[in-house]
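Structure first, then comments.
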Amino acid sequence: MHIDWGALDLAFETSDIEHSSWLDRMTGEVLSVFDGDDPDDREAVFQRINAQPKRFVAIEPPDARAQWEWMSEFTASVPDAQLRDLLDVALDGRGAFRRFKDVLLGAPEERQRWSRFRDDRMHQAIARFLDEANVHPANAPPWGP
């Protein structure tokens, strides 16, 4: 089967309680519903999934704890001690995600490195998801193995 990598990547990036996605194990299609979608469209997706539940696997993006750990791991790799200290402080307590991003706004090179770092971790999570779902795509992801 061919995976719709763009849709799968987007499903992993969209992690909120108003969004749900499933991967069709036969076609590689990603089905998604949002709370604001037309009720008939949502019902059509749910009917399709309920008609063949073993054909679909729910997509569970990495939770906030895992993503916080990515930020902590990245922070430990920052060579500039002052920036590393600011990021350490940003990671403490509620609002850590926003503070972390705000600190990186003042360090464009590290912000780009963080973006690549996070993308790598997200792609590793996608690979684990496919492995755990016993899905073996015929097409390689655009970001490499």
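Once region 46-71 is narrowed to residues that are touching a Ser or Thr at 6+ places or on another chain (Cβ under 8 Å) and under 12 Å from Ser20 (Cβ atoms), the residue that is modelled with the lowest pLDDT is Pro61. Being surrounded by 12 or more Cβ atoms within 10 Å (Cβ to Cβ) and outside any helix (DSSP H, G or I) is a description that does not apply to Val45. Restricting attention to region 1-31, the residues being surrounded by fewer than 16 Cβ atoms within 10 Å (Cβ to Cβ) and among the small types (Gly, Ala, Ser) number 2.
Being closer than 27 Å to Thr75 by Cα and either within 16 Å of the chain's Cα centre (by Cα) or in contact (Cβ under 8 Å) with a residue 12 or more places away in the chain (or both) is the requirement here; does Arg118 meet it? Yes: the conditions hold for Arg118.
Just one residue in the set Arg94, Arg111 is at pLDDT below 95, farther than 30 Å from Met26 by Cβ and charged (D, E, K, R); that residue is Arg94. Scanning region 13-33 for residues that are farther than 21 Å from Ala51 by Cβ and in a strand (DSSP E or B) returns a single hit, His19. Helices (runs of 4 or more DSSP H) fully within region 51-145 that include at least 2 residues being within 25 Å of Leu8 (Cβ to Cβ): 64-77, 96-105, 108-132. A Cβ distance below 8 Å, combined with a sequence gap of six or more or placement on separate chains, defines the contacts here; from region 44-69, residues that are acidic (Asp, Glu) reach residues that are modelled with pLDDT of 95 or more in the pairs Glu60/Phe129. Only one of the listed residues (Leu83, Leu104) is surrounded by 11 or more Cβ atoms within 10 Å (Cβ to Cβ), out of contact with any helix residue (DSSP H, G or I) (no Cβ under 6 Å at 6 or more places or on another chain) and of a type in the set (A, V, I, L, M, F, W, C). That residue is Leu83.
The values are calculated or read from the model by the stated rules, or taken from the named source; none is laboratory data. In this text, all values refer to a predicted model and were calculated from it rather than measured experimentally. All Cβ positions, even for glycine, are placed from backbone atoms using ideal geometry, and neighbour counts span all protein chains on display.
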